[in-house]
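Novice: This is the structure I want to talk about, given as structure tokens.
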Amino acid sequence: MAATERGQWQSRFGFIMAAAGSAIGLGNIVFFGANAYKYGAGAFYLPYLIALFCVGIPVMVLELGLGSYTRRAFPPSLHKIAGRMGEFWGWFALISATLITMYYITILAWCLGMLLGALGPLWQPEQTLTAFKEVGKLPNPTGYFFEMISQWSTVIFVILIWAANLWVVAKGVQTIEWVNKIFLPLMWLFMGLLIVRGITLPNGLDGLYLLFTPNFEVMGNIEVWKGAFSQIFFTLSLGFGIMTAYASYLPEDADQVSNPLIISFMNCGFEFLAGIAIFTMLFSFSIVPKASTLSMTFFVIPEGIARMPGGPLLVSAFGVLFFVLLLLAGITSSVSLVEGLASALIDKFSSSRGALVRVFAAVGCLGSVAFALPLIVDPSLASNGTLGLTLIDLVDHWAFGYGLLIGGLMECILVGWVFGAKRLREHINIHARIKLPALFDLLIKWVIPAVLLFIIGSSAWQELKGIYGHDFVIQGFQPWLPWLCFAIFAAGGAILALVLTLAKDYHQPLQTEEEQSA
Amino acid sequence: MKRTLILGMLLLFCFFSLQAIATPEKPGIGIKDNYPLKDQAIQIYVSHATVPLERFQVSVTYRPNSMVSRTEELGHPDANGYLNWTPKDAGVTILKATLPGSKDKDLNFSKQVSVRYGSFPLMGLLIFLLASLTLFGGLAWTLVKSKPA
């Protein structure tokens, strides 16, 4: 496939903006600080930084190095280094990523709905729930959110967000580049405004102290370390194969040590700042954080914004700012998720971008609409309320909680043991200013697989007590819906990955730089 | 004239005395200062129109929703609904007043209170510096060391 059809980044700066835009998503803005708070506040930063250097940066180097080495998307890259078995795991990871894309876009659609609400109705004291009649009224923003997701109008928001994503992906890599070049600086600017507002609130600075003051008694708890290593893996969007796809659009002499370092530091630096912005506000208004992205996004932070001084206009302005920030961060991430799959399909089937966009428009939209279904499954709101929100909860548990980690584990095993970590390191070091030490091999072959195996194993152990969601209220869909979601992830993912692996062979393998020189 | 003055002063005394022991009529739990300081005593008040206030049990949860969350029983308020509390930890806390044995929402209430640190704790400052220097220092170092864009 000609490089021009696959596309190529116009500049290194553009690539870094796009890769950082992919990594910085909703979770960075709302989840990191809440996670840190949950795991002992300041004490969490020590395992977090250790995880960044022991897992995050090495896997980021691996993914970018792999893309640079093979100049292909994720599954064909793994095919190149480990044959069909490798390709299978590449597709499996991408299918998990596709499931995540579908509900991620639904969440963005809800952010769009909340953005519209932030212009006025979201800040009313309470909301009458028309669909949840048993509940009657709920205080806002919780009431507004549940009223919104119980309406079919959210489907229109889903279509709008998909249209934005497909427009960018259809235009190709260079459009992804310029969208990120605009959106990413805007995100930093908006975050800066939120920080200034947060620390200038009455007693806002004490929120900063709350976030960083450590409680070292938790350091001996394995859950804290597990939380830190999972956080790093998720926040850097590892295991999705996106970074491999993005690196495949780079020129051959790209420095794949400094690039991952810059992307990782930018991503973690952004969530470090986001934690400050959120915690100064939460402390000032005495709001208890919750370690859940959805709760923080739709309930906790809007509750803080609603209490901001300065009158309704300023409250609306900061509400709009917050949800625009989420949309910018979310769209740069969702575009990369769609592009990760698009590039893999282009490589595999030599498809045109236009044809792929039509497929995504149909399949992706249908998937996201399923996650937006406003059918009421819990009229008392003891669980998730609507079918769509319940499906997000269940699918997220498998696709996000397991899919990415399995993808990461397999790529480390395939690169470390089948291809050779040393071989990849030597390839990366050809063009790197900062040379990778031999420690990289040890991390990829032993440390990271051991850590990921432990996290996956201990999570799976918890499932033995009962499948995730068995205790949910899901009227009309219990007890089989939790099992169906698991089956879609595990069996559906495996079968589809197998079909895609066997569908067509790569007849014209692209030679790597080393092979060409040999 | 003198009698009227004495009566007026008596009425005024009664008014201020009543005001001193009165708590808001709306059922709930409150605090004298919205941002109490760690290790400094503060008064909590519980109010309810019908239930004797000393029957309520007051507790505080430090750092709720976290792994280091812990609850401390503060005891019962006096007949006027007042109770002293010295926050042992800073951060967001939840004050609760419950009537033992009752699940009635009107007899169980809570309030979220932010307890101030007063100044940046030394360990917190060190962690803040470590994290910010690692992340932003690392970014700057990499940019300097790597090839120009």
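Novice: Counting only DSSP beta bridges with both residues in the protein assembly as shown, what percent are antiparallel, rounded to the nearest 5? Working shown, then result.
Specialist: Details: 32 of 33 bridges.
Percentage antiparallel, nearest 5: 95.
Novice: Taking all protein chains as present, what is the carbon and sulfur share of the accessible area of segment B:24-134, in % to the nearest whole number, probe 1.4 Å? Mind dumping the intermediate values first?
Specialist: Details: 2890 of 5640 Å².
That share works out to 51 percent.
Novice: Additional query: Where the centre of each part is set by its Cα atoms, how far does segment A:419-486 sit from segment A:271-349, in angstrom?
Specialist: 26
Novice: At a cut-off of 50 Å², which residues of segment A:260-305 become less accessible once all protein chains are present than in their chain alone, using a 1.4 Å probe?
Specialist: With the partner chains in place, segment A:260-305 has these residues losing at least 50 Å²: A:I262, A:F265, A:F272, A:F283, A:S286, A:V288.
Novice: Using Cα positions and a limit of under 19 Å, work out the aspartates and glutamates in reach of B:K105, with same-chain residues fewer than 8 apart set aside.
Specialist: By straight Cα distance, B:K105 reaches A:E126, A:E134, B:E25, B:E54.
Novice: Next up: Restricting to Cα pairs below 8 Å that are 6+ residues apart, what does the relative contact order work out to for segment B:24-134? Please round to a whole percent.
Specialist: On the way: 225 pairs, mean separation 32.1, N = 111.
Relative contact order, segment B:24-134: 29 percent.
Novice: Let me ask something else. When the label point is put 7 Å from the Cα of A:L193 along its Cα-to-beta-carbon vector, which residues of segment A:104-145 have a backbone N closer than 20 Å?
Specialist: A:111-123
Novice: Separate question: Which percent of the accessible heavy-atom area of chain A goes to carbon and sulfur, probe 1.4 angstrom? Don't skip to the end; give the middle numbers.
Specialist: Numbers: 11910 of 17410 Å².
Percent of accessible area from carbon and sulfur atoms in chain A: 68.
Novice: Cut-off under 15 Å on the C-alpha distance; same-chain residues fewer than 8 positions from A:K422 excluded. Which aspartates and glutamates are left, in chain and number order?
Specialist: Cross-link targets: A:E63, A:E411, A:D441, A:E514.
Novice: While we're looking at this one, here's another question. Let's see if you can work this out: charge +1 on each Lys and Arg Cβ, -1 on each Asp and Glu Cβ, no other charges. What is the dipole magnitude of the protein assembly as shown about its Cα centre, in debye to the nearest 20?
Specialist: Values: 42 positive and 39 negative charges, 145 e Å.
It comes to approximately 700 debye.
Novice: Further question: Listed here are the pairs A:K133/B:K26; A:K80/A:K504; A:K290/B:K88; which of them are more than 24 Å apart at the Cα? All intermediate terms of the calculation are to be shown ahead of the outcome.
Specialist: Values: A:K133/B:K26 28 Å; A:K80/A:K504 14 Å; A:K290/B:K88 22 Å.
Among A:K133/B:K26; A:K80/A:K504; A:K290/B:K88, the Cα-Cα distance tops 24 Å for A:K133/B:K26.
Novice: Going from most exposed to least, what order do A:K226, B:K103, B:K26 have by accessible area with a 1.4 Å probe? Present the calculation step by step, with values, prior to reporting the outcome.
Specialist: On the way: A:K226 35, B:K103 195, B:K26 160 Å².
From most accessible down to least: B:K103, B:K26, A:K226.
Novice: Rule-of-thumb check for segment B:23-70: C-alpha Rg over 2.2 N^0.38 Å? Intermediate values should be presented prior to the final figure.
Specialist: Details: Rg = 13.1 Å, N = 48, 2.2 N^0.38 = 9.6 Å.
Against the empirical 2.2 N^0.38 Å value, I get 1.37 for segment B:23-70.
Novice: So with the 1.4 Å probe, I'd like the accessible area per residue for the protein assembly as shown, rounded to whole Å². It would help to have the intermediate numbers written out before the result.
Specialist: Values: 26360 Å² over 667 residues.
On a per-residue basis, the protein assembly as shown sits at 40 Å².
Novice: Rounded to the nearest 100 Å², what is the buried accessible area between A and B, both sides summed, probe 1.4 Å? Intermediate results must be reported in sequence, preceding the final value.
Specialist: On the way: alone 19320 and 10980 Å², together 26360 Å².
Roughly 3900 Å².
Novice: Suppose a student asked you for the relative contact order of segment A:19-162, using Cα pairs under 8 Å spaced at least 6 residues apart; what percent would you report?
Specialist: Values: 93 pairs, mean separation 19.8, N = 144.
This gives 14 percent for segment A:19-162.
Novice: Could you work out [θ]222 nm for chain A from helices alone, using -39500 (n - 2.57) per DSSP H run of at least four and dividing by all its residues? Round to the nearest 500 deg cm²/dmol. Write down the numbers at each step before the final one.
Specialist: Numbers: 24 runs with 345 residues, N = 518.
Helices in chain A give a 222 nm mean residue ellipticity of -21500 deg cm²/dmol.
Novice: If you build the convex hull over the alpha carbons only and average its shadow over all orientations, what do you get for segment A:423-471? Give it in nm² to one decimal.
Specialist: With the hull built on Cα positions only, its mean projection is 5.1 nm².
Novice: Which distance in Å, rounded to a whole number, links the C-alpha centroids of segment A:161-191 and segment B:118-145?
Specialist: If you average the Cα positions of each part, the centres end up 30 Å apart.
Novice: Other chains' Cβ within 10 Å of A:11-20 residues: what's the mean? Provide the component values of the computation, followed by the final result.
Specialist: Numbers: counts 1, 4, 2, 1, 1, 2, 0, 0, 0, 0.
Partner Cβ neighbours, averaged per residue: 1.
Novice: Leaving out same-chain residues fewer than 8 places away, which aspartates and glutamates sit with a Cα under 16 Å from that of A:K435?
Specialist: Correct list for A:K435: A:D253, A:D255, A:E426.
Novice: Residues with beta-carbon under 13 Å from that of B:T93, excluding B:T93: net charge, scoring Lys, Arg +1 and Asp, Glu -1?
Specialist: On the way: positive: B:K38, B:R63, B:R70, B:K88, B:K96, B:K111, B:R116; negative: A:D206, B:E72, B:D89.
Spelling it out: positives minus negatives among the neighbours equals +4.
The values are calculated or read from the model by the stated rules, or taken from the named source; none is laboratory data. Remember, it's a predicted structure, so these values are computed and weren't measured experimentally. Reconstructed Cβ throughout: ideal geometry from the backbone, glycine too, with neighbour counts over all protein chains shown. For the accessible areas, the whole protein counts, side chains as well, though only heavy atoms, and no ligand, DNA or RNA atoms are used. Shrake-Rupley method; radii C 1.70, N 1.55, O 1.52, S 1.80 Å.
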